[in-house]
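First up is the structure itself, then whatever we jot down about it.
Values in this text are rule-based calculations from the coordinates and carry no lab data. Everything quoted here is computed from the prediction, not taken from an experiment. Heads up, the Cβs are rebuilt from the backbone with ideal geometry, glycines too, and the neighbour counts pull from every protein chain shown.
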Amino acid sequence: MKKDLLSISDLSGVDIHSLMSDARELKAAGWVSLLERKTLALIFEKPSLRTRVSFEVAMRQLGGHAIYLSPAEVGLGQRESVADVARVLSRYVDAIAARTMSHRTLEALAKHAPVPVINALSDLEHPCQALADLLTIYEKKGELRGLTLAFIGDGNNVAHSLLLAASLAGMNFRIASPPGYAVKDEVLNLARRCDDSGAEIFCTSEPRLAVSGADVVYTDVWTSMGQEAEAEQRRQAFAGYQVNSELLSLAKRDAILMHPLPAHHGEEVAEGIAYGPQSVVFDQAENRLHLQKALLVRMLGGLEIPLAGYR
Ligand code: CP
Ligand code: NVA
């Protein structure tokens, strides 16, 4: 694997395969001291529940530890340049996971930090979420290749990472977004380039078309962190894009419903549907932990996981 994980496009199909299999082994193994004496710094410019806690618990369960740095403490690029923060932190810790307003900040951190940098969500991508989502889909469906994922809503960070991950894993990806809120062309082109699997990519503005016969129906908030000023305008633009039981009924009978959380129940997902029988949203949240453990061991451990001795 590359030194950093800023984008799903930093991974190959083989990397994704290995991460899935390591994550499943680590999920079964629980606490294993594979990262003793290793420290992870968590720099967050935006709020978080899942990402912060799952990274902290992941390090603890692997025998290492994590240090959380809140936006106010570090003042990335304000109190100190991003490059200097990267240089200084690298003298103390073995890896940095960062949640930044701008993807450029992540790139600057990675450029100046000799230690690995992991994207814990930027405006452009959320790779840890997409990888945990693939793990969840694999657990529920027993395969990835050939499945169809329908994303309903904003062509945002979560959609970008899922699009790239689906292409690498051989899953068909359909997305229905209102005009003006489609995925970025640069990500679409990247996905088409990294797809050696023959998976289909289909963009539409019609949710029913996207969902029809899908194995996975996925949605995310209409207004992401940092876009709060656009909330009302977005509520209007996305009005016909709610995932409700009527839309879900157009997917396969055994389709699963996914959402990265936090959800706005009654907006992008109809009230109650995220607690229904097709929803796997809390499995997704749990799998953040297992997937990130696999990622940390690969990025920090460097060796094949010697799990056998820990069973
Ligand atoms: N899904 C996710 O990344 O959640 P948090 O924003 O709470 O970390
Ligand atoms: N698209 C959302 C994802 C949160 C996990 C956001 O960026 O706020």
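Assorted remarks:
- Among the residues making up segment 135-168, those that are of a type in the set (Gly, Ala, Ser), under 17 Å from residue 19 (Cβ atoms) and either surrounded by fewer than 24 Cβ atoms within 10 Å (Cβ to Cβ) or touching a helix residue (DSSP H, G or I) at 6+ places or on another chain (Cβ under 6 Å) (or both) are 161, 165, 167.
- Selection from segment 255-285 of residues that are within 14 Å of ligand 1 (Cβ to nearest atom) and not aliphatic (A, V, I, L, M): 259, 260, 262, 264, 268, 282, 283, 284
- Pairs meeting the criteria (first residue in segment 74-103 and among the aromatic types (Phe, Trp, Tyr), second residue crowded, with 19+ Cβ neighbours inside 10 Å, beta carbons under 9 Å, at least 6 apart or on different chains) are 92/41.
- Scanning segment 149-168 for residues that are more than 11 Å from ligand 2 (Cβ to nearest atom) and not in a helix (DSSP H, G or I) returns 149, 150, 151, 152.
- Hey, residue 21 more than 14 Å from residue 292 (Cα to Cα) and among the small types (Gly, Ala, Ser) or not: no
- One residue alone among 13, 63 is over 29 Å from residue 85 (Cα atoms) and either surrounded by fewer than 21 Cβ atoms within 10 Å (Cβ to Cβ) or within 16 Å of ligand 1 (Cβ to nearest atom) (or both), and that residue is 13.
- Pairs where the first residue, in segment 273-293, is farther than 9 Å from residue 54 by Cα and of a type in the set (Gly, Ala, Ser) and the second is within 15 Å of ligand 2 (Cβ to nearest atom) and assigned to a helix (DSSP H, G or I), C-beta under 6 Å, 6+ apart: 274/281
- Within segment 30-60, the set of residues being away from ligand 2 (no atom under 16 Å from the Cβ), small (Gly, Ala, Ser) and either buried (at least 18 other Cβ atoms within 10 Å of the Cβ) or within 18 Å of the chain's Cα centre (by Cα) (or both) comprises 41, 58.
- The set of residues in segment 212-231 that are more than 15 Å from ligand 1 (Cβ to nearest atom), surrounded by 15 or more Cβ atoms within 10 Å (Cβ to Cβ) and either free of Cβ contacts under 8 Å to residues at least 12 places away in the same chain or not in a loop (DSSP other than H, G, I, E, B) (or both) comprises 216, 217.
- Residues within segment 179-222 that are small (Gly, Ala, Ser) and within 16 Å of ligand 2 (Cβ to nearest atom), tallied: 1
- When 127, 116 are checked against the criterion of being within 16 Å of ligand 2 (Cβ to nearest atom) and under 18 Å from the mean Cα position of the chain (by Cα), a single residue qualifies: 127.
- So residue 162, is it within 16 Å of ligand 1 (Cβ to nearest atom), closer than 20 Å to residue 295 by Cα and free of Cβ contacts under 8 Å to residues at least 60 places away in the same chain: yes
- Segment 174-211 - residue that is among the small types (Gly, Ala, Ser) and not in a loop (DSSP other than H, G, I, E, B) and, of those, nearest to the chain's Cα centre (by Cα): 191
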